[in-house]
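As structure tokens, the structure follows; a few thoughts come after it.
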Amino acid sequence: MTASVAGGLAHELAAAVEQLRRATVQVRTRGRATGAGVLWDAGLVITNAHVVRGERATIELYDGTAAPARVVRRDLRRDLAALEFEPSGAMVSAVIRDAPPLRVGELVIAIGHPGNLVGAAALGIIHAAERAGERRPRWIQADVRLAPGFSGGPLADTAGRIVGVNTMMQGGLALAVPASAVAAWVRRAHAPVSA
Amino acid sequence: MSTVLQSLSTELADAVESAGRAVVAIHARRRIPASGVQWRPGVIVATHHTINRDENITVTLPDGTTAPVSLAGRDPSTDLAVLKLAGQNLPTAKLRSDSPPAVGELVVALGRPGPSVTASWGVMSRVDGPWRTWQGAEIDSLLRLDLAIYDGFSGGPLIDAAGRVLGINTSGLARGVPVTVPVATVERVVTELLERGTIRRAYLGIGTQPVRVPESLARKLELEGDVALLIVSVESGGPADRDGVLLGDVLLELDGAAVRDSADVLAKLGGDRVGRPLAARVIRGGQVKTFQVTPSERPTSRAA
């Protein structure tokens, strides 16, 4: 009984990670791997501004294909950057979680590329969440240990929905830009560009 | 689609939510607040080291309101403090006292270093028998955690996956390493602090150092062990001084039990020993001598 629950858990976790990896890209600037990115939409990658310092970058998709990308928007205050590339055929893009609000203690999965690893996963829980009626916090705080290569990659729930973009570690906590804030930023900033 | 993974996630969040209703923020120091738990109705348990003042202490309740509390007592030796909260309808923590946590068990540390509850997760890394803190208190079992701790978590509960409290977390007992004071110890300290306001502990006013007794002397005196305690300091006017303990005495036994380190001495100095004579067996001037020492109640903020 206990063994089958743990076994099922391991299997489902591996499946959720595999699904998330498909919506995660590698970001390279001037030939160097600089971080991760979320395949937000067809031809659109969201990452951290600190991951892409120049105007151009190369993204590498889950299936190994690389594509040149250009930075179309950057927000240093939020540490976000939007990259556009020419999509080749159909591709998976991230599912964003708008609701319900995050709960403290909920499991979260982060995907990134620390060191020479591609598509590494880290498991943790939500450390702090917004309270009803309060202004939305700037960061999601997660109790999960991330290395630098996780920057710009997804923080997702157990259903594989993106809840945030991993940005930095502070005081042992992972800080991620909430997916709702990213979505609002993409709607505001990106729409005129692709129009 | 409900999966095992999603069920685990939901259950953890449920456990945090239900247990978090009994967790408050304690405002009794500068910078960030610490945490506390409503342990019994109207009784909040917190950590001694995060309470830097005896008055003007307030708590932030889970609903965001602030309420004044009064300090009922504190025990530096277990790093626990008890506060009284009047007139609030706050749930009381569900305690797990029937079965101890197991090594490898999934646990969550809760805190409320502000208006919102915070959580970190991990596993029990060590569960062991009773141990003694550096100030001499006996903790019923050693509970070590493999989890990350954050500012303000001291005084918060360690909970199991069902939201039941396993103890109070503190970074103030083992040089910043998080340990959990188990339910049984908290219960004992809360009861005594509510009754008396302090934890009675006996003390002798001696400093000791383990020494090896030379084999020839041990043979001559027909001693059983080879390690004893050299008295390296005697507090002026303290109980040991008053009863004739001399600097340089080598303590062999206390109350009929061999003493090999300071923990053996502390084990004989529970609160119930105050004023009750103990037989001390020492080597003095090459001879074995036995006499009585009577512990006094230890003044507060004194180590041994």
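The values are calculated or read from the model by the stated rules, or taken from the named source; none is laboratory data. This one's a predicted model, so the numbers in the text were calculated from it and none came from an experiment. With ideal geometry, Cβ positions are generated from the backbone for all residues, glycine too; neighbour counts draw on all protein chains shown. Surface areas here come from the heavy atoms of the whole protein model, side chains and all, with no ligands, DNA or RNA. Shrake-Rupley method; radii C 1.70, N 1.55, O 1.52, S 1.80 Å.
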For residues that are small (Gly, Ala, Ser) and surrounded by 15 or more Cβ atoms within 10 Å (Cβ to Cβ), scanning just segment B:272-304, find the one that is nearest to the chain's Cα centre (by Cα). B:Ala304
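This table checks each residue for (1) in contact with a Leu (Cβ under 9 Å, 6 or more places away or on another chain); (2) at pLDDT 95 or above; (3) crowded, with 16+ Cβ neighbours inside 10 Å.
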{"residue": "B:Glu187", "(1), (2), (3)": "yes, yes, yes"}
{"residue": "B:Glu192", "(1), (2), (3)": "no, no, yes"}
{"residue": "B:Arg201", "(1), (2), (3)": "yes, no, yes"}
{"residue": "B:Gly207", "(1), (2), (3)": "no, no, yes"}
{"residue": "B:Val211", "(1), (2), (3)": "yes, no, no"}
{"residue": "B:Pro214", "(1), (2), (3)": "no, no, no"}
{"residue": "B:Lys220", "(1), (2), (3)": "no, no, no"}
{"residue": "B:Asp226", "(1), (2), (3)": "no, no, no"}
Do we have B:Arg74 as charged (D, E, K, R) and within 12 Å of another protein chain (Cβ to nearest Cβ) here? no
Hits in segment B:258-300 - residues which are under 26 Å from B:Pro76 (Cβ atoms) and in a strand (DSSP E or B): B:Leu278, B:Val293, B:Ser296, B:Glu297
Just a yes or no: is a residue in segment A:29-40 at negative phi, not in a strand (DSSP E or B) and not assigned by TED's automatic domain parsing to the domain that holds A:Pro148? no
Being touching an Asp or Glu at 6+ places or on another chain (Cβ under 7 Å), away from chain A (no Cβ under 14 Å) and more than 27 Å from A:Leu123 (Cβ to Cβ): is that true of B:Arg132 here? yes
Checking B:Asp261 against (1) surrounded by fewer than 17 Cβ atoms within 10 Å (Cβ to Cβ); (2) out of contact with any strand residue (DSSP E or B) (no Cβ under 7 Å at 6 or more places or on another chain), which test does it fail? (2)
Counting only residues that are of a type in the set (A, V, I, L, M, F, W, C) and open to solvent by 10 Å² or more (accessible area, probe 1.4 Å), segment B:142-174 contains a total of 10
Top-ranked residue in segment A:105-143 [being within 9 Å of chain B (Cβ to nearest Cβ), part of a loop (DSSP other than H, G, I, E, B) and modelled with pLDDT of 90 or more; ranked as surrounded by the most Cβ atoms within 10 Å (Cβ to Cβ)]: A:Gly105
Flag if B:Ala67 is more than 24 Å from the chain's Cα centre (by Cα) and away from every other protein chain (no Cβ under 12 Å): yes
Restricting segment B:15-30 to residues that are at the interface with chain A (Cβ under 8 Å from one of its Cβ atoms) and more than 13 Å from A:Ile125 (Cα to Cα), which is least open to solvent (accessible area, probe 1.4 Å)? B:Gly20
Between a first residue in segment A:68-85 that is within 14 Å of A:Ala183 (Cβ to Cβ) and a second residue that is open to solvent by 60 Å² or more (accessible area, probe 1.4 Å), which pairs have beta carbons less than 9 Å apart while being 6 or more apart in sequence or on different chains? A:Arg78/A:Arg138; A:Leu80/A:Arg73; A:Leu80/A:Arg74; A:Ala82/A:Arg73; A:Ala82/A:Arg74
Within segment B:33-40, can one find any residue that is surrounded by 18 or more Cβ atoms within 10 Å (Cβ to Cβ), touching a Phe, Trp or Tyr at 6+ places or on another chain (Cβ under 9 Å) and either acidic (Asp, Glu) or within 14 Å of another protein chain (Cβ to nearest Cβ) (or both)? yes
